[in-house]
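Presented below is the structure to which this report refers.
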Amino acid sequence: MKALDYAAEISAVPIGDILRRYPLAVDYLANMRLGGVDETKTLPEILEDVDEDMLEEFGLDREEVIFHFCAFLEAFSQVKGSVEAISSITILGGRDKAGRPEMVELTITPGEVVSIVGPTGSGKSRLLEDIECLAQRDTPTARQILINGSVPDLNKRFSAGGKLVAQLSQNMNFVMDLTVQEFLEMHAKSRMISGSAAVVEKCFAVANSLAGEKFTLDTKVTQLSGGQSRSLMIADTALLSSSPIILIDELENAGIDRREAVKLLVGNEKIVLMSTHDPLLALRADKRIVIRNGGIAKVIETTAEEEQTLHKIEAIDSVLLDIRNQLRGGGIVTKESIPEFQER
């Protein structure tokens, strides 16, 4: 749309309608000292009552304010729609630490979960980093990542907004002195989400369902524990983030309900890759990538027999969870705490 046409369209709409469509516009008006205006008026009508000396402080006249406001709205509209639909991501093999080629071409589609397994230091995190930066034979592994079967352009690789990949690392540290509610509202506004209040409530409820220790909307994000921070960011990524590809580094160390976390992400049609040492998580994936000596040694599809074995592993995990909860609550673990306990 041409700038003049867009400015004319925005000028004819009550500012209240614009604020409901673009929640972040509230911040723009506040910065221009136009907060708390009559929402039934249009922007030109509002500017008629504004002192020209105030506008001069910003180096703008009334007409320039309208064009400046329109440019702001257009910029955030582009961010909102900048993440393209992802039908697949493909990993093309590079080489391991010894220079041997990785004989692999793996394509992953939305709703799939792929686990990455291997010894500590084998290169699991390096694979996640290659995917995060959409590597094009320009990292130490010489791997290449394709999006929808094609090489992503530079904008997709290095754009600060509308990123295709969201990564949840082992350490989630907040530096902003915001409450959980303020943090979620800020994310919802910046991502132009309609009905943001309801989404914030849902995101908070989901985060609390994943966390071991509950927290409130008034809790400062800097006061959250590691597990609470990870649960908040997983809920945020699933419900607020537009990134279609999610990378998770060792979810089992998060102190959260990891099974529900994976189900949440997959249920929102994300492509999920997770580095893990947890057999429960590894076998819940559709496929697992085995890393050895810095390279992809093999890709294994989870078999029907492994899925049956998973039920037994979940039963064992449930017993261990009960024991962990007993210890956390100050209880004493006895032989009776463990089914079929036998002294050796």
Largest first, how would M103, M54 line up by accessible area (1.4 Å probe)? M103, M54
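By accessible area of protein heavy atoms, probe 1.4 Å, what ranking do C203, C133 get, highest first?
Working: C203 0, C133 35 Å².
Reading off the accessible areas and sorting them downward yields C133, C203.
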Just the number, please: Stokes-Einstein D of the chain in µm²/s, Kirkwood Rh from C-alpha pairs, 20 °C, 1.002 mPa s. 92
Would you tell me the accessible area of I296, worked out with a 1.4 angstrom probe on the heavy atoms of the protein chains, in Å² to the nearest 10? 20
Using a 1.4 Å probe on the protein heavy atoms, what percent of the accessible area of the chain belongs to carbon and sulfur? 51
Nearest 10 degrees, 0 to 90: helix 226-239 Cα axis against the chain principal axis: 60
Candidates K263, K312, K298, ranked by Gaussian network fluctuation over the chain, Cα under 10 Å, top entry: K312
For helix 258-267, what angle does its Cα long axis make with the longest principal axis of the chain, in degrees from 0 to 90 and rounded to 10? 50
Where only protein heavy atoms count, and the probe is 1.4 Å, what is the accessible area per residue for the chain in Å²? 52
State the answer as a single residue: which of T42, P14, L240 lies farthest towards the positive end of the charge dipole of the chain, with beta carbon charges of +1 for Lys and Arg and -1 for Asp and Glu, about the Cα centre. L240
For the stretch 261-344 the translational diffusion coefficient, Stokes-Einstein from a Kirkwood Rh over Cα pairs at 20 °C and viscosity 1.002 mPa s, in µm²/s, is roughly 138
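In terms of solvent-accessible area of protein heavy atoms at a 1.4 angstrom probe, what is the ranking of L19, L273, highest value first? Please list the in-between numbers first.
Working: L19 25, L273 0 Å².
Ranked from most to least accessible, the order is L19, L273.
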By how many degrees, 0 to 90 and rounded to 10, does the Cα axis of helix 304-328 deviate from the longest principal axis of the chain? 80
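Nearest 20 debye, what's the magnitude of the dipole of the chain about its Cα centre given +1 on Lys and Arg Cβ and -1 on Asp and Glu Cβ?
Working: 37 positive and 53 negative charges, 408 e Å.
The dipole magnitude comes to about 1960 debye.
Roughly speaking, what is the stretch gain from T90 to I300, that is 0.36 nm per residue apart minus the C-alpha to C-alpha distance, in nm to one decimal?
Numbers: separation 210, 0.36 × 210 = 75.60 nm, distance 1.58 nm.
That pair, T90 and I300, stretches by 74.0 nm at full extension.
For the pairs K214/K263; K202/K263; K202/K270; K97/K163; K263/K335; K124/K312, flag any whose C-alpha to C-alpha distance is greater than 22 Å. Write down the numbers at each step before the final one.
Details: K214/K263 20 Å; K202/K263 16 Å; K202/K270 18 Å; K97/K163 29 Å; K263/K335 33 Å; K124/K312 27 Å.
Going by Cα-Cα distance, K97/K163; K263/K335; K124/K312 fall outside the 22 Å limit.
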Given labels modelled 7 Å from the Cα in the Cβ direction, how far is it in nm from V13 to M103? 5.7
Area accessible to solvent at T40, 1.4 Å probe radius, in Å²: 100
Expressed in nm to one decimal, what extension gain is obtained for the pair S209 and A71 from 0.36 nm per residue of sequence separation less their Cα-Cα distance? 45.7 nm
Among DSSP beta bridges lying fully in the chain, give the percent that are antiparallel, nearest 5. 55
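The values are calculated or read from the model by the stated rules, or taken from the named source; none is laboratory data. Please read these numbers as outputs of a predicted model, since none were measured by experiment. Backbone-built Cβ (ideal geometry, glycine too); neighbour counts: all protein chains shown. Calculation scope for accessible area: heavy atoms of the full protein, side chains included, ligands and nucleic acids excluded. Shrake-Rupley method; radii C 1.70, N 1.55, O 1.52, S 1.80 Å.
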